[in-house]
Amino acid sequence: MNARMVIRRVGGGLLVLWLVSLLTFLMVQLIPGDPAEVIAGENATVADVDRIREQLGLNRPVVEQYVSWLGGVLRGDLGESVFTGRPVTTSIVDAAPPTLALALTAIVLAVVIGVGAGVLAGLRQGTWLDRLISTVATLGIAMPSFWVAMLLVSVFSLSLKWLPATTYVPLENGFGPWLSHILIPALALGLATAAELARHTRGCVADVLTRPYIRTARSRGSSTTRLVRRHVLRNAAIPVVTVLGLQTSRLLGGTIVIEAVVGISGLGSLAVNSVLQRDYPVIQGYVLFCAVVVVVINLVVDLAYGWINPKVRAS
C-alpha cells in the first residue's frame, strides 16, 4: 500500500472532520434570536436564560467559544445536555451500540444478498433469473425503508410470529436473541443497499465476463467456480466497494426512521428527542459522531479500493 496515498486519504478525512466541527458549531450561532432564550422557553426567567447562556458559553466571543469547544472535542468532551445535565459523550456512548449493531448488520446483509444476487444475474445474463433479480432490485430501490420495516413486522412478527417485533437485545444476552431482534430492522434498512449493490454487481460481472482473459481461461478448461473466485469477483469488486462506501451515510441516516418504527432506543431516538427538546449540545455531538463514523468507513473503503486496484496503489 502506497504510504503517500494513505497519508493523503487520512489528511482529507481530518479536513472533512474539521469542517464538520466548524459547521456544527455555527449551527447554534446561526439560530434566529438568542439560542439561550429558545432553549429556556417562553416562561423562563432572566436568571434561567443567563444560566443557559453561561452553560453554553454564549457570553464569550465567538472565536473563543469555538476554540474552547473544539478543544473539548479533541479531549472527548462534547459538553453537557441542557436538559438532563449528562455529558453528551456519555449519552452518545450509551445510545451508540444498538445503532451501530443495526447499521453493521444491515451492511453485512446488503453485501451478502446484493453481491450474491448480482453475481448470479451476471452469470445468467438474459435468463429468467437475470430478469427476476433485476426486477426485484428495482423494486427494492424504490420502496421506502420504513414501509419495508412495517411490512416485515406485519408478516414475520404479527402474522407468522417467527421474530419479535420491537426492542433491542444486546449481544451479551446471547447471539440467538440478539439476531432475532435485529434481523427485521437490519433487513428493512439494508434491502435498498442490497438492491443497489445487486444492480452494480450484475453489470460489473457481465462486463468482466466479456474480457479476453476470461475467454482464454475458459478455453483452457477453467470451471465457472474457479473463474468467479479468481477473476470475476476481484475485478467486479472495484465499483461495488465504491458504491458500498457511498451508501454508508444513507444507512446511518436511515437508522433514525427504522429505530422509530421498531422501537429501538439508539442514536436515532437520541437525535429526535434532542431536536424536539432543542438540546443543541447533544445535537452537535450527534452530528459530529456520525461524521466521524462516515469518514472512518469511507477511509477504509478508499484503502480497500487501493488494495483491489493496482493502478490506485501505484499512484
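Once P(r) over Cα pairs in 10 Å bins from 0, in percent is calculated for the structure shown, the corresponding label among [x] 6, 21, 19, 12, 10, 9, 8, 8, 5, 2, 0; [y] 6, 25, 31, 22, 11, 5, 0; [z] 5, 21, 25, 23, 15, 7, 2, 1, 0 turns out to be [z]. Per residue, the average separation of C-alpha pairs within less than 8 Å and at least 6 apart gives the stretch 50-182 a relative contact order of 11 percent. Per residue, the average separation of C-alpha pairs within less than 8 Å and at least 6 apart gives the stretch 158-287 a relative contact order of 26 percent. Here the 3J(HN,Hα) profile of the stretch 190-206, calculated from phi with Karplus coefficients 6.51, -1.76 and 1.60 at θ = phi - 60°, is x, 5, 5, 5, 4, 5, 5, 5, 4, 5, 5, 5, 4, x, 5, 5, 4 Hz, Gly and Pro shown as x.
Extension gain Val6-Val46, at 0.36 nm per residue separation less the Cα-Cα distance, in nm?
Numbers: separation 40, 0.36 × 40 = 14.40 nm, distance 5.25 nm.
Going from the current span to full extension adds 9.2 nm.
Taking trypsin sites (Lys or Arg not before Pro) as exposed when DSSP calls them loop and at most 13 other C-beta atoms lie within 10 angstrom, the chain has its longest site-free stretch at 221-315.
In the chain, Cα pairs under 8 Å separated by at least six residues give a relative contact order of 26 percent.
Summarising the amide proton neighbourhood of Glu80: residues at separation of 5 or more, or on other chains, whose placed amide H is nearer than 5 Å comprise Val88. For Gly116, neighbours were defined as the other residues whose beta-carbon sits under 15 Å from its Cβ, and their charges (Lys and Arg +1, Asp and Glu -1) total +2.
Taking the Cα centre of the chain as origin and assigning +1 to Lys and Arg Cβ atoms and -1 to Asp and Glu Cβ atoms, the resulting dipole is close to 2540 debye.
Just to be sure I follow: if Rg is taken over the C-alpha atoms of the stretch 11-136 and Rh is the Kirkwood radius over the same atoms, what is Rg/Rh?
Details: Rg = 23.7 Å, Rh = 18.9 Å.
Answer for the stretch 11-136: 1.25.
Of all the options Val46, Val115, Val93, the one that moves most in a Gaussian network model of the chain with Cα springs shorter than 10 angstrom is Val46. The charge dipole of the stretch 1-116, taken about the Cα centre with unit charges on the Cβ atoms of Lys, Arg (+1) and Asp, Glu (-1), comes to about 800 debye, rounded to the nearest 20.
Quick one: what do you get for the stretch 86-221 if you divide its Cα Rg by 2.2 N^0.38 Å? Could the numbers behind the result be given before it?
On the way: Rg = 19.1 Å, N = 136, 2.2 N^0.38 = 14.2 Å.
Rg over 2.2 N^0.38 Å, computed on Cα atoms: 1.34.
Packing, taken as the mean count of other beta carbons within 10 Å per residue, orders the peptides 182-188, 137-143 from highest to lowest as 182-188, 137-143.
Bear in mind these aren't lab numbers, they're just calculated from the coordinates by the rules spelled out. All values derive from a computational prediction rather than experimental measurement. Reconstructed Cβ throughout: ideal geometry from the backbone, glycine too, with neighbour counts over all protein chains shown.
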